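Report on the following structure.
The values are calculated or read from the model by the stated rules, or taken from the named source; none is laboratory data. This one's a predicted model, so the numbers in the text were calculated from it and none came from an experiment. Here Cβ is always computed from backbone atoms with ideal geometry, including for glycine, and neighbour counts include all displayed protein chains. For accessibility, only protein heavy atoms count, side chains too; no ligands or nucleic acids. Shrake-Rupley method; radii C 1.70, N 1.55, O 1.52, S 1.80 Å.
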Amino acid sequence: MAEGIILKALSGFYYVDGGQRLYACRGRGRLRHEQLTPLVGDRVRFTPLEDGQGALDEVLPRKNCFQRPAVANIDQLVMIASQAVPATDPFLIDRLISIAEIRGCGCVICVNKCDLADGSALAGIYRRAGYPALTVSAQTGEGLEELRRLIAGKVSAFTGNSGVGKSSILNALEPGIALKTGDISRRLGRGRHTTRHVELFRLACGGVAADTPGFSSFEPDLQELGRKEQLQDTFREFAPYRGRCRFPDCAHRREKGCAVLAAVKAGEIAPSRHQSYLRLYEQAGAVPDWERKRLE
């Protein structure tokens with residue numbers, strides 16, 4: 001038995017990097033009995049067979065995992081956004097940040113297409129909230145060196161809504177990858193999916209990057225939503241104010257004497273961030289406890 005990491009999952013095969021070569025593995029029946037779905041990024045034990053085939057025996061303990069994008073053992077999510085067509089709804093970024101915070105995963109916010117539309121205001125919202133945030137252009141190369149520094153030596157999953165340029169950025173960072181890219185639908189104002197599966201790539205800067213399918217909707221997966229009581233802990237900029245509210249159990253929604261609401265009114269917390277918090281609070285509160293326990 002050998003150990004390796006899943007680089008790609010496609011058509012029932014798990015492509016495992018065993019160090020010397022890539023093995024196309026099928027999962028053992030015990031994984032189905034355990035109701036465990038291997039994910040790209042999983043460290044696994046497998047049995048090498050003939051002709052580069054293999055049998056996946058065991059998924060080793062994960063430090064984190066996500067359902068959307070479907071990856072495991074990620075150091076950070078690199079959230080690609082855009083202020084050009086298609087413009088990214090900040091709620092998508094905020095939802096991903098919240099999910100990442102719950103899982104102990106870092107976040108980088110990268111606003112692409114700065115050659116077409118100024119993304120500095122959007123990046124500034126997240127920089128003030130305490131996250132690395134930058135503007136880049138996959139076409140001109142602006143900001144790519146800073147992005148290389150942020151992903152060097154880490155396992156990063158590139159994610160975001162369709163058409164914002166995830167594959168284009170990876171192609172610009174590492175031309176040898178040659179990922180497919182697509183045009184923007186003029187009628188719908190959003191990107192066409194060109195990445196159909198998750199795949200890990202080793203980069204010359206020493207990092208490992210996952211290209212993932214783009215999102216076409218903002219519907220959250222139930223199992224990825226934290227409990228509503230957890231959400232305030234996933235908004236870093238709330239931290240300096242939470243202990244200053246009138247009530248110790250303040251939910252920072254509409255309570256009198258709420259220091260977080262006062263900070264929003266004073267411009268110290270971005271209104272869009274607080275609006276996302278309220279929206280996530282409602283979504284998390286709509287998940288019954290029995291459903292959450294079943295999914296957990």
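Can you list residue pairs whose Cβ atoms sit under 8 Å apart, with the first residue in segment 12-34 being touching a residue at least 12 places away in the same chain (Cβ under 8 Å) and the second being open to solvent by 40 Å² or more (accessible area, probe 1.4 Å) and among the acidic types (Asp, Glu)? Count only pairs 6 or more apart in sequence or on different chains.
18/3
Let me confirm something: among 84, 70, 100, which residue is of a type in the set (Gly, Ala, Ser), at pLDDT below 90 and either open to solvent by 30 Å² or more (accessible area, probe 1.4 Å) or under 30 Å from residue 137 (Cα atoms) (or both)?
70
Would you confirm, using the coordinates I've provided, whether residue 49 is over 16 Å from residue 9 (Cα atoms), among the hydrophobic types (A, V, I, L, M, F, W, C) and surrounded by fewer than 16 Cβ atoms within 10 Å (Cβ to Cβ)?
yes
Any idea which of 41, 19 is small (Gly, Ala, Ser) and modelled with pLDDT of 95 or more?
Unique residue meeting the criteria: 41.
Under 8 Å by Cβ, and 6 or more places apart or on different chains, what pairs join a residue from segment 130-156 that is within 14 Å of residue 111 (Cβ to Cβ) and at pLDDT 95 or above with one that is in a helix (DSSP H, G or I) and charged (D, E, K, R)?
That search, which allows pairs on different chains as well, returns 131/236; 133/127; 134/146; 136/146.
Which residue, of 147, 77, 134, 122, is part of a strand (DSSP E or B), under 18 Å from the mean Cα position of the chain (by Cα) and over 30 Å from residue 3 (Cα atoms)?
134
Filter segment 239-262 down to the residues that are touching a Lys or Arg at 6+ places or on another chain (Cβ under 9 Å), crowded, with 16+ Cβ neighbours inside 10 Å and of a type in the set (A, V, I, L, M, F, W, C) and list them by number.
Those that are touching a Lys or Arg at 6+ places or on another chain (Cβ under 9 Å), crowded, with 16+ Cβ neighbours inside 10 Å and of a type in the set (A, V, I, L, M, F, W, C): 250, 251, 258, 259, 260, 261.
Which residue pairs have Cβ atoms under 9 Å apart, sit 6 or more places apart or on different chains, and have a first residue in segment 231-242 that is closer than 16 Å to residue 127 by Cβ and a second that is open to solvent by 20 Å² or more (accessible area, probe 1.4 Å) and basic (Lys, Arg)?
237/128
Find all pairs meeting these conditions: Cβ atoms under 6 angstrom apart; at least six residues apart or on different chains; first residue within segment 273-296 and more than 26 Å from residue 127 (Cα to Cα) and loosely packed, with under 15 Cβ neighbours inside 10 Å; second residue of a type in the set (A, V, I, L, M, F, W, C) and modelled with pLDDT under 95.
295/222
Exactly one of these conditions fails for residue 54: (1) surrounded by 23 or more Cβ atoms within 10 Å (Cβ to Cβ); (2) assigned to a strand (DSSP E or B); (3) touching a Leu at 6+ places or on another chain (Cβ under 9 Å). Give me its number.
If we test residue 54 against (1) surrounded by 23 or more Cβ atoms within 10 Å (Cβ to Cβ); (2) assigned to a strand (DSSP E or B); (3) touching a Leu at 6+ places or on another chain (Cβ under 9 Å), just (3) comes out false.
For segment 240-290, which positions are in a helix (DSSP H, G or I), modelled with pLDDT under 95 and over 24 Å from the mean Cα position of the chain (by Cα)?
242, 289, 290
Might you let me know whether segment 90-97 holds any residue that is touching a Ser or Thr at 6+ places or on another chain (Cβ under 8 Å), assigned to a loop (DSSP other than H, G, I, E, B), of a type outside the set (A, V, I, L, M, F, W, C) and surrounded by 15 or more Cβ atoms within 10 Å (Cβ to Cβ)?
Looking through segment 90-97, none of the residues is touching a Ser or Thr at 6+ places or on another chain (Cβ under 8 Å), assigned to a loop (DSSP other than H, G, I, E, B), of a type outside the set (A, V, I, L, M, F, W, C) and surrounded by 15 or more Cβ atoms within 10 Å (Cβ to Cβ).
Quickly run through segment 158-177 and pick out the residues that are part of a loop (DSSP other than H, G, I, E, B) and of a type in the set (Ser, Thr, Tyr).
Once the filter is applied, which keeps residues that are part of a loop (DSSP other than H, G, I, E, B) and of a type in the set (Ser, Thr, Tyr), segment 158-177 yields only 162.
Filter segment 103-148 down to residues that are hydroxyl-bearing (Ser, Thr, Tyr) and buried (at least 22 other Cβ atoms within 10 Å of the Cβ), then give me how many there are.
Of the residues in segment 103-148, 2 are hydroxyl-bearing (Ser, Thr, Tyr) and buried (at least 22 other Cβ atoms within 10 Å of the Cβ).
Please work out if residue 92 is closer than 19 Å to residue 231 by Cα, within 17 Å of the chain's Cα centre (by Cα) and touching a residue at least 12 places away in the same chain (Cβ under 8 Å).
For residue 92, the condition - closer than 19 Å to residue 231 by Cα, within 17 Å of the chain's Cα centre (by Cα) and touching a residue at least 12 places away in the same chain (Cβ under 8 Å) - is met.
Every residue in segment 105-163 that is within 19 Å of residue 90 (Cβ to Cβ) and among the basic types (Lys, Arg), please.
If the condition is that a residue be within 19 Å of residue 90 (Cβ to Cβ) and among the basic types (Lys, Arg), then 113, 127, 128 are the ones that fit.
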